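The next block holds one structure in the form of structure tokens; read it before the comments.
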Amino acid sequence: MSGSQYQREPELGEGLRLHLNENTGGCSPAVIAALRALSPLDAAVYPDYGRVNAVCARHLGVDPARLLLTNGLDEGILAAAIAYLQRDPGDVAVGPGAAGGGRPEGLIAEPCFGMYADCIEAVGGRIVRVPPPASLDTPVDTLVAAITPRTRVIYLTSPGNPSGLLVPAATIHALARALPQGLVFVDEAYADFTDAHFLGELERAPNVVVGRTFAKAYGLAALRIGAVVGSAEVIARLRRSLPPYSINVAAAVALEAALGDQAHLDGYRAQVRASKAKVYAFCDRLGLGYWRSDANFVLVRVGPRASAVVEALRERRIFVRDRSSEPGCAGCIRITAGIVAHTEQCLAALEEILCAVA
Ligand SMILES: *Cc1c(COP(=O)(O)O)cnc(C)c1O
């Protein structure tokens, strides 16, 4: 076992949370109104999903049969692992000691979101990790070369986390063609911050699914709601691997209310754009390396003292993510770039710390 496991983030208490790419401005007030309007009977009966499914399908521009709402996108990632990576029943001859023998494989391009490896491992699959080039671009040739007859799922992230870089549609199509017997899972958790999506390409790529979450841009992280979109056949297969009522009624009404308040989303997106510009200008001024991001965070190379810098920020109750031990990310921290006032507070503290340790 690689020691990979489901892990919640340590609880840090009060402070400025710029470490998990949440919406630190909060969700739409319409969401809170919808939660308040729930009745005792709403809480008492098993929820109907027809309405929220239809509203969300319309929002995404897809047929409802091609949409699976999940308890956070994390559950969608898990559903793909369960549906595609569990060992075939005929495979019983392969014992746990058989050095990975015939275990189904899940392919990931590092550095990436930790849940992919956790889920591959949780269902008994083998994690195959492909290292990044210095640019952190998705290494399509290395990924294709890593596909074996046992490969069942490739997890990609666009925009990437922690890089913020898009995966080109051509790369996704190339991987889908190279894995006709398996699934390409395109995690678009940060799609609301960019105009480049794979959703419109799905008709041409039946073995690709797109994952979305309402945790980040819509500010619903605590309510747990995400979505997976794909062909009706693949979506039906994923649905069979999940419990029938994994979305609670609060999340269902919250999603409908959130999707109904696009002005709130637009306001947050404008804050994100302005925040990213401030981070880039800060980095240019201090001579720090960074990646231009299509998401609501920026990966910044602060140098060999990255962990000390994260710790110094934490002492000031500003939380950012230390990514310096991730492949390709030596010296890097990831800063959520959301509400402008929060970004300014973080950058001011960061400048003091960097100047003190220089
Ligand atoms: C935050 C995040 C998720 C998880 O989304 P939830 O809906 O909160 O489960 C999935 N993928 C990536 C890349 C993320 O950053």
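The values are calculated or read from the model by the stated rules, or taken from the named source; none is laboratory data. Note that this is a predicted model, so its numbers are computed, not measured. As a convention, Cβ positions derive from the backbone with ideal geometry for all residues, glycine included, and neighbour counts pool all protein chains shown.
Annotations
- Of the candidates Thr142, Thr194, Thr138, Thr213, the single residue that is over 18 Å from the mean Cα position of the chain (by Cα) and either within 21 Å of Ile225 (Cα to Cα) or polar (S, T, N, Q) (or both) is Thr142.
- The listed residue being of a type in the set (Ser, Thr, Tyr) and within 13 Å of the ligand (Cβ to nearest atom), out of Ser231, Ser163: Ser163
- Taking the stretch 198-233 as the range and being touching a residue at least 60 places away in the same chain (Cβ under 8 Å), under 20 Å from Val249 (Cβ atoms) and surrounded by fewer than 21 Cβ atoms within 10 Å (Cβ to Cβ) as the test, only Ala221 passes.
- Only one entry in Ser163, Ser135 is of a type in the set (S, T, N, Q) and surrounded by fewer than 21 Cβ atoms within 10 Å (Cβ to Cβ), namely Ser135.
- Any hit, the stretch 204-223, residues being assigned by TED's automatic domain parsing to the domain that holds Leu107, aromatic (Phe, Trp, Tyr) and either more than 14 Å from the ligand (Cβ to nearest atom) or in a helix (DSSP H, G or I) (or both): no
- The set of residues in the stretch 47-78 that are within 16 Å of the ligand (Cβ to nearest atom) and of a type in the set (Asp, Glu) comprises Asp74, Glu75.
- Subset of the stretch 106-161 [basic (Lys, Arg) and within 17 Å of Arg177 (Cβ to Cβ)]: Arg152
Here's the yes/no breakdown for (1) part of a helix (DSSP H, G or I); (2) in contact with an Asp or Glu (Cβ under 9 Å, 6 or more places away or on another chain); (3) at pLDDT 95 or above:
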position	(1), (2), (3)
Ala33	yes, no, yes
Asp42	yes, no, yes
Val55	yes, yes, yes
Arg58	yes, no, yes
Leu69	no, no, yes
Tyr84	yes, no, yes
Arg87	no, no, no
Ala93	no, no, no
Ala99	no, no, no
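- Among residues of the stretch 175-197, those that are more than 12 Å from the ligand (Cβ to nearest atom), outside any strand (DSSP E or B) and crowded, with 24+ Cβ neighbours inside 10 Å, counted: 1
- In the stretch 224-236, the residues that are within 19 Å of Ile154 (Cα to Cα) and in a loop (DSSP other than H, G, I, E, B): Gly230, Ser231
- Of the residues contained in the stretch 156-169, one or more are found to be under 27 Å from Asp266 (Cβ atoms) and part of a helix (DSSP H, G or I).
- Within the stretch 234-245, the only residue that satisfies the criterion of being surrounded by fewer than 18 Cβ atoms within 10 Å (Cβ to Cβ) and touching a strand residue (DSSP E or B) at 6+ places or on another chain (Cβ under 7 Å) is Arg239.
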